Amino acid sequence: MTLLTRAHQGVDNIAEWPLIRNRVRREYDDVFAANKDANLFRGVFDTFEAAEASAPATRPLGYDNSAAASMYMDRTRKTYPTDYPVMFWLQKLFAEGCSQFYDLAAISASVITLTGVI
């Protein structure tokens, strides 16, 4: 076992001390509740209801609200690096004569909106 591995395990062990773990959890809960820009995640839940009960009261639940509706508007105004793989495969499909497709993840809508005909 290398010195670096032992040091890492030592820090991991300290992070599990109840006082440290509880403080880190409280700090993350505060960051999570105040977050407006990052895709943060918290917890594993047995039911939707348990997850819903754990959600911070300071933020709306789900995507059925005006703030969430406008979250991805910027995706329709410019092409992002993550759009290029989708455009690559769509270009191949259209070149082979495909004239329609169904996007199960609803991701490529921004690509089509941005590029028109690929």
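The values are calculated or read from the model by the stated rules, or taken from the named source; none is laboratory data. Not measured: the values here are computed from a predicted model. Quick reminder, even Gly has a Cβ in these numbers, built from the backbone with ideal geometry, and neighbours come from all protein chains shown. Please note that ligands, DNA and RNA were not included when accessible areas were found on the heavy atoms of the full protein model with its side chains. Shrake-Rupley method; radii C 1.70, N 1.55, O 1.52, S 1.80 Å.
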> Name the GluC sites (Glu not before Pro) in region 22-101 that are in a loop by DSSP and that have at most 10 other C-beta atoms within 10 Å, would you?
Replying inline: 96
>> Could you tell me the calculated FRET efficiency between residue 1 and residue 49, based on Cβ-Cβ distance and R0 = 30 angstrom, to the nearest 0.05?
In response: 0.10
> Can you run phi through the Karplus equation (6.51, -1.76, 1.60; θ = phi - 60°) for region 84-99 and list ³J(HN,Hα) in whole Hz, with x for Gly and Pro?
Replying inline: 5, x, 5, 4, 4, 6, 5, 4, 5, 4, 5, 5, 8, x, 5, 10
> How large is ³J(HN,Hα) for each residue in region 44-61, as worked out from phi by the Karplus curve 6.51 cos²θ - 1.76 cosθ + 1.60 (θ = phi - 60°), to whole Hz, x for Gly and Pro?
Replying inline: 10, 10, 6, 9, 4, 4, 5, 5, 4, 5, 7, 5, x, 5, 7, 10, x, 8
>> Solvent-accessible area of residue 28, probe 1.4 Å, all protein chains present, reported in Å² to the nearest ten, please.
In response: 80 Å²
>> Sort 101, 48 by heavy-atom solvent-accessible area, probe 1.4 angstrom, most to least.
In response: 48, 101
> In whole percent, how big is the carbon plus sulfur part of the accessible area of region 8-73, probe 1.4 Å, protein atoms only?
Replying inline: 59 percent
